[in-house]
Every structure is written in structure tokens, then in C-alpha cells.
Amino acid sequence: MHQLFRKINIDWSNPLMFLLVGLHLAGCGGDQPAPQRSTPPPATSSENTIAQKTTGTASISGTVSFIGEVPKLRTVDMGSVAECKEQHSAGLKSEALVLGDGNTIANVIVKIKSGLPSNAKYDPPTNPAELDQIGCIYTPHVLAVQVGQTVKFKNSDSVIHNVHTLSEKNPAFNKAVNKGGEMDRTYDQEETFFVKCDIHPWMKNYIGVVSHPFFSVTKLDGKFEIKNLPVGKYTVEVWHERLGEKTQEIEVSHGQSAELDFTLSKS
Amino acid sequence: MLTEKEQKHYQPITLNRIFAVTSLLFLGSLIWMFADDHERSWKRYQKQFRQLESKKVEMTYNSQNYDNWLMWTEDEKIRIRAEGDRKAAENKLKKAKDEHYKVDQKFKFGKAKYDELTYRYKEAQAGHKGDPAELRQELDSFTYEGRPLFEGGDSWKVALGKLEAKVKIAENELQALKEKEKDIDKRFEQELGREQILAAQQHEKLEVARMSMGNKIADKIRDLPVLDLTNPYYRVQQVVIDDVIEDMNFVQVPKVDRCMTCHQGMAKISFSNEPHPYKTHPNLDLFLTSASPHPVEEFGCTSCHSGRGRGTSFVSAVHMPSSHQQELDWHHGHIGPIPEDKWHQMHHWPRPMFPAKYTQAGCFKCHAETTDLKGAEKLNLGLALIERAGCYGCHTIEQYKSRMEKRNIGPSLQRVASKIKDQDWTKKWIKNPKDFRHNTWMPTFYGNGSEDPTIGTGRLLNHRYQDGKRQQDEDHRVDTEIHAMTHYIYSKSDVFDVGTIPVKGDKEIGRNTFQAVGCQGCHEVAPDPVEENLASWSPTDIAEKRNQLRREYGPNLIGIGSKTSAEWIYSWVKNPLEHNPNTEMPNLRLTDQEAANITAYLVSLDQKGFEQTIVGQYDDEMLDTIASEFLQGSYIKEEIAAKLASWDSSQTLTYAGQKLINHYGCYGCHEIPGFEDAKPVGAELTYHGSIMVKKFDFGLVQSEYTDRHGHKHQKDHLPHTNFDWFTQKLKNPRIYDTNASVDLDTEKLANLDEVHVINEFKAFQDKLRMPNFGFTNKEVEAIVTALMGFVKQEALDSKIMPRTAKNVFYEKGQSIVAEKNCQGCHLIEDQGHAIKPSLLDWMMEQPEYEDLSRMEAKADLVSFVPPNLVGEGQKVKPDWLYHFLRQPETIRPAVEVRMPTYNFTEEEINTLIKYFSYLEPEGEGYNWVAVDAWQDNAFRDPHQLSLSTTELTAAKRLISKDGHHCGQCHWIGNQEPENKVAKDQAPDWVLASQRLKPEWMARWIANAPALMPGTKMPAYYDTYDPDHPEPESYTNTTPFATVLGGDDREQVRAIRDYVLKTE
């Protein structure tokens, strides 16, 4: 017993401790904190699980549309690459600005820029996001993924392509993808960056990496919807490769479906 | 009684009292001494550090968990011992061993006796001493338990064996018990992990509460007064640097640094967020640790930081504040842990510590040959500014000697009359160059060069009151001086026939060419001043600032059209060296048309003129005054009068001009006829940081500051430190001729209205003459950092960068790179590409880029920017590089920026080649290219290669459309790539065999981005590793499994050799 006390290093100067030890010695403490004898103590974990609400039932939806004079866009020049050309017999229009009926804008990344609980962590979806090189263009032209989510780069063409990402916060790479080939990458940092094929210089793509699941990319109808938001006040950002960024603030309450429209114009 | 009293001339009682009192006093002072020593400030720092460390260690492990497990271990051991009695097992083993020993001994003694008898019997038999029969009898009758062993039986052995087995069993039983205990310890270690246990053990040493009773007592006793001389916990810690000797006036002693006595956490990474003095050193990769290049055991602290290493208090270590505010804080005891440690400067220590903001000054004494020292960015910036401002034109600085001799900091004035026909322009320029070009590096000699009130150049005349008459005199004097100097340089100027422009130039095309061919690597066309462009001292911001300096390498060309003629510009851009063999402006090999276009563009830049500057007519009377001031040195009054009377005004102007140029030292930066061998006018700066503060003339400059309560205070002097002197000198070079008042909080002149020359007695020639460069506060700070580093090497020879070939060529190469401004266009050692922003602007203006977003344009910029020279030493053949540096040729089709033709000396070229090679890992060194043996094209033989038919077929398959499709971008001999736009094209393979090293090519083909991040060439074989040590485990994942056995090394080699054979 003497040895035991030496090892647990009781602070004798602390009267409370003294009392506790007294109880232990007497062996009559019903709920004393000292561990059970001869059974391994549970390993205590210092990590506290965050018990804050990080998802909810609110949602924000709306439309992004273009105002102003619609600029004339060039047709993509595919040079003398027959394999590419023959897949676009009608010619391919530049994807720099794709507008739907009523000048709704496609390829706009809409995301919550700020307002989420600061310590919230969101597991990335397990299904990979696909970025295909088909018909010598990237499909989709703008891709948004969550931090940690796998991006699968595919090449469904019959020619070689290279994927050259120009990310700055995430490690950039430039790798050839042979026909039928594919490769996976994941991203750790929130960032929107440009992806190109150096072999076929007209091939362009943008990847937006977002640190949470509250984002959306508009289709031709310019519509977006961000679901499962917790109650809160948010800054919503829209981003377009040519028209830049714009933000609006909105407050959503439990179960509410808020409407938020954006307009972008050429600056 | 009386006699007794008389006999003794003293009274014992009084004496005893005196003795008692003095011994009490003595005892008191002794106790006081011990107490004082016991309470020295460093001990208190150490105590605080111990608490801090204890808390930190406690946080690294879970003490509750540790204690629980420790208790569990104890309990388990007790339980095991109770279960299987270890004591009993030990006894059992002892018993078995004893038994075995007893029997064994018995046998051994018996055998010895038997052997003896046998021997004696044999001896007797042989006729020696003794009776054989008797002995036989004795032998036969000898019995002992082991006897059957010799007579064929083995029962003894069996018996012994049984006993041995018993021992073994007992041993095993004990072992099993021990193992069980060991298992418990193992479990303990496993559950907690090594780090937790180590932390717990460390914590037990630090934290009294966790010590055993005995240790607790020992911990108290070891630091008691007097007893603490044996082995105290709190003690002075020091390093002795044997090979660095300090001169303590007549005694040479090794350097001793005791800084770590208080700075206890400096090498501990976990203290990075703690306050001083416990804070971790900010750069452990470079300093302190044994893995770093500057381990504390070899360099100490004061070798770099300066200060008094032996000091063990805040004051005696001669810490120096970084700002006046900090000085006040320190002085009033707001310095953190121990407010009692109030600061004052120990004035008699000649090498006070560098204030934190000038710390990098300490690097220079050992790295004196450096132009670009990694990790000392502020120092680098200071050196770059010294170089850009051309301080060495007037101040001899040993490191810049070769450059000083070139006299090309400013343009040559040998032929100024042909360049600037308008003398009025020249006069205005001399008077106020910043009025014409806001960011010119030509400093201001007269008047105020800026709206910044701290910037002024002082006055030429002595006057206490700014009345109208004095002002008028001052203006006359200035204008007359300018007339005289202008007269001199124009009268001595050669004439240079600039000829005519053979073709008509187009301004718009010229503008495009100007932007595209690379002029903006060294020249700006920046009409408007920008705000302070150094946002912070972060390495990125400093790098950007240095790029700005690179873009200002040549003059800002704004307004050039109103300065000189089109013909002159044309002839200059066509061949600068013909104008001036010393110019750093290289030849861009412009065609006549290109040069004419650029000329047309530059001439159009005439919108900017002088806005405020007016130079009046000179005043004959004033001219005579000026001339006579100079004549006074050699002649008496009457002779002067006679001389002046005999000269016409032109002669007087020439005389005064020459003397004034000599006075101001214009020839330090400009080549001026008649001053070819003149000595620089300024003080030598080579060791300026070592000059004793008392040798600086602080003049009558006052200072004022605001205390914590907002009250203004006036001091009748500036703080007497070398850095305060440097700072004010750089901000206002003539301040020490005035009684200006400097606001120490903002470091600006406090009340400008009162600034006037008060020294009525200084003659014109004795006045300060340094012009004003208009440095910003941050620039001044960087320059002061460098200046403070210009110190005599204080017996630090053993610490200087070793003079190996590698270091020498590295430094020389860096110096050439800086001198030629290579980083204006190239990226070298991760620095440079200064031209990038202007090229991006140019790109965005091109019609084909209309459709691009800035992100996309930036991505394409790599096609237009001059190459990143990372890995150049591994990449290109030295012979080729030699040739290229002499006669550049086009390599990248899209890069319109031209590698200019420099007139490098052969030594410079070879130094550059060596420099690039030494930038690479060890073993990549080139041999000096044998210049004598070098002949044009000698290296241009096609590579001697033999490709087998299989390999050739394989190579063709690999480069084809079905393979890597190389022909999409690369020129292959005459075969044009499928990408028709130049920016999407890649270098011609024909160039490869002359230019590239085959080993490098293989790596490039396999994984180019790994060699040069950002390149357009993709990675084709990103797992390729020719140096992989184990062929069996080498994974070669190539998509072309059928080609050359699917071996990527074979495939890469085949492609490489095919490229090399391209013709």
C-alpha cells in the first residue's frame, strides 16, 4: 500500500485529496473516483466531439441571370485534330458564357461563403465527382466538389489528353491521361482554379473546391438550390469564370425555403 | 584602575560594542549579498520558465490516465506475486542449485583424489617412489559415488542430470513469473505509448507536486543559498565558442554566451507562442539546432545578434529597443515577465545587440560576398537598394569595387550634347529630377524633392531667418551653380552622329513590340507614382519589392520623347554599346523596322514635362562668388580678383562647373570628361557598421516624443546610436547641418517650419553634400540593416562561409545575375520573373486573348514568359550554354521576349555556367569550358547513337497519335506541330542534341512537371525512377504494356534517343 501511494503521487498539500485518500483507505467510498482494482482503466480521450448542429432543414434557392448586352463568343478552333473535330460537326461554341432562355447563366458556382458554424466539419461524400474528357472538351465545364471528395479524371476520347490543374492552394499537377485512362485526386483546401489541356489548348475547365456541402452549380436554366442548411445568417457567393463574383446576405429560419436571385453582368 | 586605563589606550567595552555592531553589519551584508545573489533576475526567469514548461508538459500527456495505468501495473504485479509465489520459486531454484552444486562438488573432489591415486600407483609401477602393491590396494579400496562412471556405468551422470533438470524447471518457473510481470510493463507501455511515458517522467522532474517526498526535499535543498554551489537546478547556462575570440581590451578571451540562461525555450518548438524570453527562435531550420547550419554550440548567439554574451541580466546583455516606443516601454519596466528589470543602455559596450528589426545585419559579417542570402530577405533588399541607388558611386564599398570602376550607375555624359540637345531640360533635371520622373533614381541635390516633409536637402546658404532677400540669394546661387555645371558638361561633350532613321515607324506596333520583346524587364513606363509598395516584411512582399527594383533597373521611360530626339533613341536601341561600351543595356537585335517602331512609340511618350521647376538666368555676381570660393584655397584676394577679371564668363562658368561637379561628386555615377580618375567624394562604407558612435556628428538635431499619457517631450539630441544616425541621414542627408527636430514616434521631421541652417560658421565647401534619394521608411530600414552589417570581421574567420569553389562561384554567379538583371526576365533561384505583370497586361491586350479570363491568361502566360532557369545546370550542356550566352538563338517559338546579346567576358560566361552547375546537387559540376579550345559549332555533331530496329519502331509508336502524340505541340525537324498557334507550340527536337543533357532529357520526358513546376509538358511516366535501387520491386506502370516489354525506362530511353536523332 505504501508503494501504491508513492506512485499515484498524491498532492498532500491539497486537503480535498487528503480526504479522498482517506476514503479510499477506509474502503467505504461508494462512488469514489479511484479506478477499479485489477481491471485496466479505460483510456480517456481528450477529443471532445462537437455537439453543434451543423445541418438543418432550411434551404436557399434561386436563379442566376445575365443582364446587359450579350457578348459575341467565338467558335472553338480545334485546329487540325480530326478526332476532335469530327465530334462537333456543327462547330463548338466557346463555353466562356453559356446562357439559357431569358439569359439565365449556366456554370455558375453558388456557395455559402460564410455564416456556417466555425467549428463545423463535414464528411466528404463517398461518391467521386467525375470530370470526363470527351469530344475534346471537359464535361462538365465547371465542377464543384467538397474538400476531401475524390475527383475522377477520365478520358473517354480516342486521343491522349493531359490534365493540367493550376491550383495555388492545393498542389498543382500536369499529367497525361491516355485514351480510356483515368486518375483520382482529392483536394484539401477551398479554392476555385483553372484546369486545362496543354495538348489541346481549347480545352478548359474550372474546379471549385468547397469546404462544406452547401454549394451548387447552375445548369442552363440558371437555377440553384442549397439544401439542409442549419438556421443562420449566411453570405451566399456566386462565381462565374468571366463575370466574376457577387455576394448577398440572407437569413434563414428552421424549415424555411428562402429565395435569392442573382444577376451578373460584364464589368 | 586609572593606570590600567592609561596603559590600555582603548576601552574593551567600547571596542566590543563596535566589534559587535560591525560584525552584525558584516553578517548583515553577507546575508544581503547571498540574498541578492539568490534573487538575481535570471533565476526568476528560470523559475517562471519551469512553471511554464511544467504546464506545457502536463498538456502533452494525460496524467490521470497515466496514474491509473501506473496503479493498475502495481496492482497487477502484487496480484501475480500473490498468485504464483515468486519468493517460493526463487527459494526452490536456490535449493535445486545448491543440491546440484553439492553433488557436483562431491564428484569433482572424488575424481581428483582418484586421479591422484592412479598417478601415484603408475609412478610406483614405473619404479619411482612408493610401493605399487600398497597403492593398488589403496586404489581398489577407494570408493566414491562417481566411481562407476570410470568403470563403465553412468548412474552418476544420470543423477547429476536429474538435478540439472530440476534446476531448469525451477528456473523456468521463475522465468514464467518474471515474464508475467514483464507483460504487465509491456502492456503499460503499449497502452500509454513512449511519448506519454517520457512526458510523465519529464513532468515528475519539473513539477514538485508530482515528485516523491525525497525528491521534493532534494528539490528545495539544492537551490538554497550557499548549498546551491554544488548542483543547483537554477543555474547560469552558457556556451563557450573557443574559436571566436573577443577582444576585452588587452585580453583575448573566447566568446562566452549566456543568453540561454533566460532564453530557455529558444530551441524548443513548443514555445513558439510564448512571450520573450521563453519564445522559440523563429527559424530553427537555420539556427541553433545541431542539424542546422548554425548550431548554437559552434556559433553562440552574439556572433549573429551582437550584444554582451556574458551578461546575465536584461540590461547587461545590452538589449537594444527597435523603436522609441519600445525603449520607453522597456525603460518603464513594461517588458513582460520581470518589471523590475528596467532597461537602460550600457553605453560602454561597443557592440550593442542589433535591435530586432536589424537582426539580419548580423548575417553579413560572415556572408559578406552574398547578393542574395536565403532567409535574410531584408538584408538582401538593403543590398539591392544600395546597388540600385548606386551608393558605391560616392562611397567606396569593397564588395562593389568592380562595379564602381565602371561608372555606369547613371548614363554617361561623354556625349550628352548629342543626346539632350535642350540644355534647359538638363538644367531643370539637375534642379529637380523628380519633377520630371517621380521615381527616378537620380537623387535630388537642390530644394525639396518631394511633398514628404521629412525629405529635404537643406540649404546652401547660411541664414537664420527665411526672409525674402535670403531666399532670393539662395535661388540665385542654385540657378548659377546649375548653369555652371551644365556649361561644363556641354562644353566638354563629344559629338556623336546619331544618323537618321531609315524606315518609318508605327507607334502602335512599336508599343506592342516594346511590351513583347522584353524591354519591361528593366524599364517601366509608369506615369504616376505608386504608394509605398512594400506592404510588409514578409518574404513574398520583399520578393515583389525586389521585382519592382528589377523593373526599375533602367530608367522609367515616361517623358523620354520630350528629353531626346527620335534619331538618338533609334540609334541607341539599335546598338547601345556603340554609344557607351560600359552600359548595361544589352542589344536586343532589333531589325530596322522594329527599332523604328519602338522609337515611334517612345517618342510619343512626351506628355510629361517639368511642372514646377524653373531655372532662372545665372547671376554674374553670384558666379564670381562661387568661383572665388573655390579659388580661395589657392590664391590671395587680389590674385582671385585679377583672375576673375581676366576670364570671360564662359571660362568662369567652366571653372565653377568643374569645381562644383567635383564638389558634388557627379562623376561617381556618370562618366564625365575630365573626371576619369577622380576619387569618390563620400566616406568609405566598407566597415561603416563598426564605426564608434561617438565618431558620428549628430549636429544639433533634436528629437521629441510622446509619452504614454500623450505629453510631448523634447530632447536636445537624437538618440546616440549608429542606426538612428544612419536612419536620419538616409531620410534627410543634410539634416546634421540643421537644428531640425525629429519626432521619434513617427521618425519624421517634427516642425518643419523651424528647420533652418543654424551653423553660420560652416563654409559652403564644408557643408554636407549628399543628395536626397527620397527613400521610403521601409527602404531606409532595409538599407540601415545592410549598413549595420558592414562590419570588420571580429576574429570570426573560422565561421566565414568556406571559400570552396562551390561557394565562390555561387556568390560570383549571383553577383553577375544581379548586375545584368537576369531576374528581370528569368526566374533564378525562385526569384525574379519581374516582367510577368507587364507581359500579362500585354497578353490581355492581344486580340486573340479577348476571350480569356484573367485566370486563363495567367495559365497561358507560361508560354510567353522567359524560362524559369531552375535546374539549368542539370539540363543544358555547358558548351551550348557558352555558345548561347554569346549568340542567343530562338528556342521557344512563342516567347517573344528576346534573350538579348550581352557583351559578356569569357570569365563572366564561365562563371555563370559554373554558378548554374553549383546550384544543382553535389556532383553536377561542370568543368570550366576550355575557352581556347572552344570553336564555334564544335559541339554540334549529332549525338552518336544507335537505335535498333525494334527500338526505332517502338519510339515511333510511342510518339505517334496513338502514343504520347508529341507532334501535337513539338516541332520535329521540319514537321510543323498540329497546334498552329505559336503559344501552343513546343521547342524543336532538332535543338535537343546540341543543347540538352541526355540524362536530364530522360527525366524530362518521363515527368517534366517534377523538374519544373508549371511547365506545359505533362507527366507521361510519373512513376519513372531510373535510380530505383531494386529492379525487382520497381513498378513501371506504362499504358503501353506491349511496347519494349512495358518497361518505362526502355520506353523513355527510346523516345529520348529518337529525339536526339531528329535532324
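Laboratory data are not the source of any read-out in this text; all were calculated from the coordinates shown. Note that the structure is predicted; figures quoted are calculated from it, not measured. All Cβ positions, glycine included, derive from the backbone under ideal geometry; neighbour counts span all protein chains shown.
What to note about this one:
- Extending 7 Å from the Cα toward the beta-carbon at both B:Lys695 and B:Ile800 defines two label points whose distance is 2.0 nm.
- Amide N proximity, the range B:70-85 versus B:Glu189 label position 7 Å along Cα-to-Cβ, cut-off under 13 Å: none
- Rounded to the nearest 10 degrees, the inclination of helix B:507-517 to the longest alpha-carbon principal axis of chain B is 20 degrees.
- In straight-distance terms, cross-link reach from B:Lys55 covers every one of the lysines whose alpha-carbon lies under 25 Å from its own, apart from those fewer than eight places away in the same chain; here that gives A:Lys7, B:Lys43, B:Lys47, B:Lys205, B:Lys216, B:Lys220, B:Lys268, B:Lys279.
- Across chain B, the mean sequence separation of Cα contacts (distance under 8 Å, 6 or more residues apart), normalised by length, yields a relative contact order of 10 percent.
- q = 0.14, 0.18 Å⁻¹, the range A:58-264: log10 I(q)/I(0) [Debye, one scatterer per Cα]: -0.88, -1.30
- The magnitude of the dipole of the protein assembly as shown, with charges of +1 and -1 set on the Cβ of Lys/Arg and Asp/Glu and taken from the Cα centre, is near 3300 debye.
- On the beta carbon distance between B:Val315 and B:Ile269, with R0 = 30 Å, the FRET formula returns roughly 0.55.
- The range A:80-169: equivalent-ellipsoid semi-axes (sqrt of 5 x gyration tensor eigenvalues, Cα, Å): 31, 19, 11
- Based on Cα atoms of the range B:683-789, Rg over Rh with Rh as the Kirkwood radius reads 0.96.
- Relative to one another, the C-alpha centroids of the range B:157-234 and the range B:969-986 are positioned 75 Å apart.
- Here chain B is treated as a sphere whose radius is the Kirkwood value from Cα pairs; by Stokes-Einstein at 37 °C and 0.692 mPa s it diffuses with a coefficient of 87 µm²/s.
- Summary of the geometry: the range B:850-871 and the range B:623-663, compared by the centres of their Cα atoms, lie 61 Å apart.
- Counting every C-alpha pair in the range B:481-570, the share spaced more than 21 angstrom apart comes to 55%.
- When Rg and the Kirkwood Rh are both derived from Cα coordinates, the Rg/Rh ratio for the range B:243-289 amounts to 1.16.
- Size descriptor, Kirkwood hydrodynamic radius, that averages inverse alpha-carbon separations across the range B:949-1001, Å: 12.0 Å
- Overall dimensions of the range B:24-66 by Cα: Rg and Dmax, Å: 17.9, 55
- Nearest-ten-degree value, helix B:998-1011 long axis tilted from longest Cα axis of chain B: 90 degrees
- Based on the reciprocal of the average 1/r between different C-alpha atoms, the Kirkwood radius for the range B:20-113 equals 20.9 Å.
- With N the number of residues in the range B:802-918, Rg(Cα) / (2.2 N^0.38 Å) evaluates to 1.20.
- Cα pair distances exceeding 24 angstrom across the range B:39-235, given as percent: 68 percent
- Modelled FRET efficiency - R0 51 Å, A:Lys152 with B:Asn903, Cβ distances, 0.05 increments: 0.35
- All lysines inside 21 Å of A:Lys111 as judged from Cα atoms, apart from same-chain residues fewer than 8 positions distant: A:Lys53, A:Lys121, A:Lys169, A:Lys219, A:Lys223, A:Lys227, A:Lys233, A:Lys246, A:Lys266
- Based on the reciprocal of the average 1/r between different C-alpha atoms, the Kirkwood radius for the range B:705-860 equals 21.1 Å.
- Part-to-part distance (alpha-carbon centres) for the range B:25-54 and the range A:164-241, which is given in Å: 63 Å
- Descending principal axes extents, the range B:416-668, alpha-carbon based, whole Å: 64, 48, 29
- Reachable lysines, given that their alpha-carbon falls under 18 Å from the alpha-carbon of B:Lys806 and they are not under 8 places away in the same chain: B:Lys374, B:Lys914
- Computed magnitude of the charge dipole of the range A:58-264 (debye, nearest 20; Cβ of K, R +1, Cβ of D, E -1): 180 debye
- Exposure proxy ranking for B:Glu164, B:Glu246, B:Glu811, based on other Cβ atoms within 10 angstrom of each Cβ and starting from the fewest, stands as B:Glu164, B:Glu246, B:Glu811.
- Once the Cα-Cα distance is subtracted from the 0.36 nm per residue extended length, the B:Phe109 to B:Val236 segment shows a gain of 39.1 nm.
- Convex hull (Cα only) mean projected area of the range B:236-353, reported in nm² to one decimal: 7.7 nm²
- For the pair B:Arg589 and A:Asp101, label points projected 7 Å from Cα toward Cβ lie 6.1 nm apart.
- Chain B: angle of helix B:949-959 to the longest principal axis, Cα-based, in degrees nearest 10: 60 degrees
- Placing R0 at 60 angstrom, the Cβ-Cβ distance between B:Ser290 and B:Ile31 gives a FRET efficiency of 0.90 after rounding to 0.05.
- According to the Cα-based calculation, Rg over Rh for the range B:949-1061 is 0.95, with Rh computed by the Kirkwood formula.
- This ranking places B:His281, A:His164 by how few other beta-carbon atoms lie within 10 Å of each, fewest first, which gives B:His281, A:His164.
- Extending 7 Å from the Cα toward the beta-carbon at both B:Thr1042 and B:Glu704 defines two label points whose distance is 9.1 nm.
- In units of the compact-protein estimate 2.2 N^0.38 Å, the protein assembly as shown shows a Cα radius of gyration of 1.29.
- Extents of the range B:290-444, taken as max minus min of Cα coordinates on every principal axis and listed largest first, are 69, 38, 27 Å.
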